[in-house]
1. When you scan region 81-94, how many residues do you find that are within 11 Å of residue 5 (Cβ to Cβ) and surrounded by fewer than 17 Cβ atoms within 10 Å (Cβ to Cβ)?
2. What number of residues within region 5-60 satisfy the criterion of being open to solvent by less than 40 Å² (accessible area, probe 1.4 Å), among the acidic types (Asp, Glu) and on the phi > 0 side of the Ramachandran plot?
3. Take the conditions at pLDDT 90 or above and among the charged types (D, E, K, R) and apply them to residue 40. Does it pass?
4. For residue 65, indicate whether it is surrounded by fewer than 17 Cβ atoms within 10 Å (Cβ to Cβ) and within 14 Å of residue 12 (Cα to Cα).
5. Quick one: which residue in 2, 111, 64 is touching a strand residue (DSSP E or B) at 6+ places or on another chain (Cβ under 8 Å), on the phi > 0 side of the Ramachandran plot, in a loop (DSSP other than H, G, I, E, B) and not polar (S, T, N, Q)?
Amino acid sequence: DGECADSNSKQYDYMFDNKPVNFPDAEGCGNICAICPGQDQQANRVLRGFLYRGDQCRCYLDDGPADLNAFACTGMFRSPSDNLGTGPICNSLGGAGECWKVMDSNSLCPGDSLPPSKAPTKSPSNNPTS
């Protein structure tokens, strides 16, 4: 796994939390991202997924016309550079951590399909990319 990337292998802008007490596992990281910035706190940027690596949780967002708002999510920081990733997570670039993508009908890459609907389970609903 490692850094998440779009279909053109471009990395995403991200918000991150580096206090592991806030995200004890990948599911906790996903929950943080779903709350903020996943509720449109970043000027219509779509939450595409997240990276969990034990010491850091990164919430990946589509590229946008303005810098990320560093104050939108309490306790989180914004990525230091302007990455250009847009659209669904289709690649991972290697390195430390687990790349997870949000799965819905707008996040499919070539060859992807949504899993059949079923009753909720205790396992995370997001699927890691390969």
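The values are calculated or read from the model by the stated rules, or taken from the named source; none is laboratory data. Since we're looking at a predicted model, the values are computed, not measured. Quick reminder, even Gly has a Cβ in these numbers, built from the backbone with ideal geometry, and neighbours come from all protein chains shown. Ligands, DNA and RNA are excluded from the accessible area calculation, which covers all protein heavy atoms including side chains. Shrake-Rupley method; radii C 1.70, N 1.55, O 1.52, S 1.80 Å.
1. The number of residues fulfilling the criteria is 3.
2. Within region 5-60, residues that are open to solvent by less than 40 Å² (accessible area, probe 1.4 Å), among the acidic types (Asp, Glu) and on the phi > 0 side of the Ramachandran plot number 0.
3. Working: at pLDDT 90 or above: no; among the charged types (D, E, K, R): yes.
Answer is no for this residue.
4. Values: surrounded by fewer than 17 Cβ atoms within 10 Å (Cβ to Cβ): yes; within 14 Å of residue 12 (Cα to Cα): yes.
Yes; evaluated as a whole, the condition is true for this residue.
5. 2
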